[in-house]
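Notes for the one structure printed next.
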Amino acid sequence: MGYVAVKGGTHAIEESIRRLKYERTKKKSILHVKNIEAGMRGLIDQTMSESSLFSEKLASIAIKQAEGNPEEAVFLLRAYRSTLPRKHYSNKVVSEDMRVERRISASFKDIPGGQILGATTDYTHRLLDFNLATETDEDLLSWVSDFEKEETTDSDDTDLTKLTKVIDYLRNEGLVQECERNDQEPDDVTRKSLEFPSSRSERLQILSRGQTGAVTSLAYAVIRGYGSLHPTVGELRVGDLPIYINNPIDPTDDDDSYFIGEIKVTEAEMLMPVTVEKEHGKKEIEFEIGYGVCYGQNETKAISMGILDNCLENKNPDYPSHNEEFVLFHIDSVESTGFISHLKMPHYVTFQSKLDSVRKTKKKHSELNQEKQEVRV
Amino acid sequence: MKRKTRTRILINGSSNLSEQLATQITDRYEVQMIEEPNNGLVMVKMEENAKKSLFYLGEVFVTECKVQINGQLGIGILKGDKPELSYYLAVIDAAYQAELDEVKGWIPLLLAEEENIAVERKEFDNKVLQTKVNFENMDVE
């Protein structure tokens with residue numbers, strides 16, 4: 001059978017795209033971008049994190065265009081990002097500078113500065129609130145106004161911009177190994193394709209922009225036994241990090257740098273107990289740290305990243321979760337959904353080629369069988 | 001006032017202040033546009049706390065503008081799509097670089113705005129601190 005090249009489908013494609021717009025608009029009600037920005041914090045944070053681009057406004061437009069489908073929204077943002085010039089690199093950001101809105105530890109009850117719950121769904125009953133179906137602007141404005149006017153009763157002088165890190169507390173006790181500061185410039189996976197073995201900076205960058213579901217599933221698999229870790233949340237914090245860039249003309253003076261704004265992130269420092277051999281073969285338990293951080297408030301992802309970070313620091317051929325190629329090549333939203341999705345695209349020629357081979361093989365077999373039968377007769 | 005503090009006050013504070021300061025300059029001096037407000041990215045370099053190494057967290061969408069006053073360059077750059085504010089910031093930056101007389105009168109305004117920001121933030125933080133857990137030991141029999 002010969003192959004025939006075909007073309008066409010232009011009209012069908014155009015109509016398909018119009019139909020897609022119809023699906024978004026057929027209920028004849030506009031979903032304003034400002035409404036997405038106001039009420040879809042979780043989805044915006046996830047979209048910004050997976051697209052590795054911080055902009056609530058752009059994420060909201062992408063969510064609107066994608067009709068709330070995060071994989072499509074991330075794809076749109078990554079595509080748009082690739083059209084923009086990278087103008088600057090920020091000065092080094094450290095999470096000690098975070099203006100904290102939430103900070104807890106699952107390892108220690110009494111931490112300097114205290115356990116600050118902030119805004120969390122952790123202690124809600126998860127009962128569907130049917131009142132939201134009929135919530136009005138007046139209801140909302142009245143609640144917000146009352147909340148903002150409320151006088152705070154106790155005076156607590158905790159400075160939320162200077163909270164001590166729980167890990168430092170352990171380092172001071174000698175329970176976590178001290179390490180030298182390493183100011184080597186990071187690698188950038190958006191500029192150079194990943195090769196193995198990967199660098200730590202590449203691993204952290206990929207994990208931080210990984211798809212929330214994929215990162216979470218792999219971390220869950222680790223805890224269920226497809227990995228060799230027993231993690232506890234040492235510290236989880238959510239808050240705003242100030243971003244500065246150097247004066248491009250004279251980058252030597254830190255006081256001469258430009259403040260460009262603050263970005264909200266979630267950071268998780270996971271503690272993993274390990275047995276280490278000390279002098280004279282004496283064995284002691286110490287803690288290793290797994291580090292997780294991502295844009296917005298996305299705690300499950302940051303914790304999962306912390307778990308996977310530690311897995312990839314401790315390679316183990318017994319578990320795929322400790323294999324950097326297995327983890328890093330499969331958690332990116334655009335790469336994984338893009339590849340799976342491309343299976344829908346026409347594969348007529350490749351499939352016909354496979355079909356040809358099968359038919360030829362079958363024909364050969366049947367001819368051989370026929371010859372054998374003739375010989376027997 | 002150093003640029004680091006000044007830009008932090010202007011961006012965290014009310015945009016009215018930036019407009020007010022920039023207008024003082026644009027009313028009296030010729031401001032040459034070097035680069036119209038335009039969008040771009042800033043890559044965030046972060047230090048992690050496990051090995052104290054650096055990595056790239058991701059990019060931030062920014063607006064940047066460049067102007068010149070008396071031959072001195074001013075840059076205005078901030079997170080988000082804010083062309084007007086980036087222009088005001090660039091004008092203010094150029095005014096500082098050119099050491100214009102008007103700048104001397106800005107210190108009290110900037111310090112007052114810094115105070116406003118501090119008050120607002122303290123109110124916000126007080127609300128956050130309402131969520132701090134107060135553990136109480138339970139009776140043990």
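FYI, it's all coordinate maths here, none of it is from the lab. Quick caveat: nothing in here was measured; it's all calculated off a predicted structure. Glycine also receives a Cβ, built like all others from the backbone with ideal geometry; neighbour counts cover every protein chain displayed.
Observations on the structure shown:
- Farthest positive-ward along region A:232-321 dipole, Cα basis, beta-carbon charges - from A:PRO317, A:CYS294, A:ILE260: A:PRO317
- Rounded to 10°, Cα long-axis angle of helix A:10-25 versus longest principal axis of chain A: 40
- For region B:3-127, diffusion coefficient by Stokes-Einstein and Kirkwood Rh (Cα), 10 °C, 1.306 mPa s, µm²/s: 101
- For A:ASP240, B:ASP93, A:ASP332, order by how many other beta-carbon atoms lie within 10 Å, fewest first: A:ASP240, A:ASP332, B:ASP93
- Dipole size of the protein assembly as shown about its Cα centre, with +1 on Lys/Arg Cβ and -1 on Asp/Glu Cβ: approximately 3320 debye, rounded to the nearest 20.
- nm² value of the averaged projected area, convex hull over the Cα atoms of region A:1-125: 16.2
- If you plug the beta carbon distance of A:LEU343 and A:GLU180 into 1/(1 + (r/R0)^6) with R0 = 30 Å, you get a FRET efficiency near 0.05.
- Label-to-label distance, nm, for residues given as A:SER199 and A:SER357 (7 Å Cα→Cβ offset): 4.1
- Rounded to the nearest 20, the size of the Cβ-charge dipole of region B:3-127 about its Cα centre is 580 debye, with Lys and Arg at +1 and Asp and Glu at -1.
- Estimated [θ] at 222 nm from DSSP helical runs (n ≥ 4, -39500 (n - 2.57)) normalised by residues in chain B, nearest 500: -14000 deg cm²/dmol
- Here the translational diffusion coefficient of the protein assembly as shown follows from Stokes-Einstein with Rh set to the Kirkwood radius across Cα pairs; for 10 °C and 1.306 mPa s it amounts to 60 µm²/s.
- Degrees between helix B:106-129 axis and first principal axis of chain B (Cα, 0 to 90, nearest 10): 20
- Footprinting exposure proxy ranking of A:ASP146, A:ASP187, fewest other C-beta atoms within 10 angstrom first, gives A:ASP146, A:ASP187.
- Among A:GLY338, A:VAL6, A:LEU43 the positive-end extreme of the charge dipole of chain A (Cβ point charges): A:VAL6
- Ranking of A:ASP129, A:ASP188 by count of other Cβ atoms within 10 Å, fewest first: A:ASP129, A:ASP188
- Between 0 and 90°, nearest 10: helix A:41-51 axis offset from chain A longest Cα axis: 60
- With the simple spin-label model, which puts each label point 7 Å out from Cα in the Cβ direction, the A:ASP110 to A:LYS149 separation comes to 4.1 nm.
- Cα shape, region A:139-200, gyration tensor, a/c 1.5 rule: oblate
- Assigned charges on the beta-carbon of Lys, Arg, Asp, Glu; region A:46-118 dipole about Cα centre (debye): 300
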